[in-house]
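Here's the structure, in structure tokens; my notes come after.
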Amino acid sequence: MDMDALMAQANALQTKVAAAQEKLASMHVKGIADSGACIIDMTGKYDLADIKISADALARGPDVVAALVAAAYNDAKAKADELIDRVMGDATAGIPLGE
């Protein structure tokens with residue numbers, strides 16, 4: 001492969017990855033704990049958009065709230081990881097990365 005073709009391929013990949021990152025910033029996932037007692041809304045770039053905690057969960061005390069927030073965050077992060085893998089995989093599909 002000549003250097004011009006390699007540079008063109010690198011530029012195409014960079015453009016696709018930048019577009020994928022912009023797309024991820026506008027996409028959201030929801031992490032849910034205890035059947036909706038705590039819901040965390042997170043972007044595909046791990047930015048926290050919103051947290052909802054039910055009144056019933058708040059009444060159960062700070063330790064329960066902390067555990068629910070952690071569980072909802074972990075659920076949201078796992079979903080964001082899957083989203084990132086899918087979107088970035090689509091962006092780099094068809095471009096050989098190891099040749």
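What to note about this one:
- Test: Ala71 is assigned to a helix (DSSP H, G or I) and surrounded by 14 or more Cβ atoms within 10 Å (Cβ to Cβ): yes
- Pairs meeting the criteria (first residue in region 1-28 and farther than 22 Å from Asp47 by Cβ, second residue part of a helix (DSSP H, G or I) and of a type outside the set (D, E, K, R), beta carbons under 9 Å, at least 6 apart or on different chains) are Met1/Gln9; Leu13/Ala91; Leu13/Thr92.
- Candidate set from region 1-25 (those that are in a helix (DSSP H, G or I) and acidic (Asp, Glu)); member that is farthest from Val87 (Cα to Cα): Asp4
Each row is one residue, and each column tells you yes or no for (1) of a type in the set (A, V, I, L, M, F, W, C); (2) over 16 Å from the mean Cα position of the chain (by Cα).
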| position | (1), (2) |
| --- | --- |
| Ala5 | yes, yes |
| Asn11 | no, yes |
| Leu24 | yes, no |
| Asp34 | no, yes |
| Ala55 | yes, yes |
| Lys77 | no, no |
| Asp81 | no, no |
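- Residue list for region 26-65, filter: in a helix (DSSP H, G or I) and within 19 Å of Ala78 (Cβ to Cβ): Asp34, Ser35, Gly36
- Number of positions in region 30-60 that are touching a strand residue (DSSP E or B) at 6+ places or on another chain (Cβ under 9 Å) and within 15 Å of Met88 (Cβ to Cβ): 2
- Some residue of region 74-93 being outside any helix (DSSP H, G or I) and in contact with a strand residue (DSSP E or B) (Cβ under 7 Å, 6 or more places away or on another chain): no
- Residues in region 1-38 that are over 28 Å from Ala71 (Cβ atoms) and among the charged types (D, E, K, R): Asp2, Asp4, Lys16, Glu22.
For every residue, the table says whether it meets (1) surrounded by 12 or more Cβ atoms within 10 Å (Cβ to Cβ); (2) at pLDDT 90 or above; (3) not charged (D, E, K, R).
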{"position": "Ile40", "(1), (2), (3)": "yes, yes, yes"}
{"position": "Lys45", "(1), (2), (3)": "yes, yes, no"}
{"position": "Ile51", "(1), (2), (3)": "yes, yes, yes"}
{"position": "Ala66", "(1), (2), (3)": "no, yes, yes"}
{"position": "Asp85", "(1), (2), (3)": "no, yes, no"}
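The values are calculated or read from the model by the stated rules, or taken from the named source; none is laboratory data. Keep in mind that this is a model prediction, so the values were computed, not measured. Every residue, glycine among them, receives a Cβ derived from its backbone with ideal geometry; neighbour counts consider all protein chains shown.
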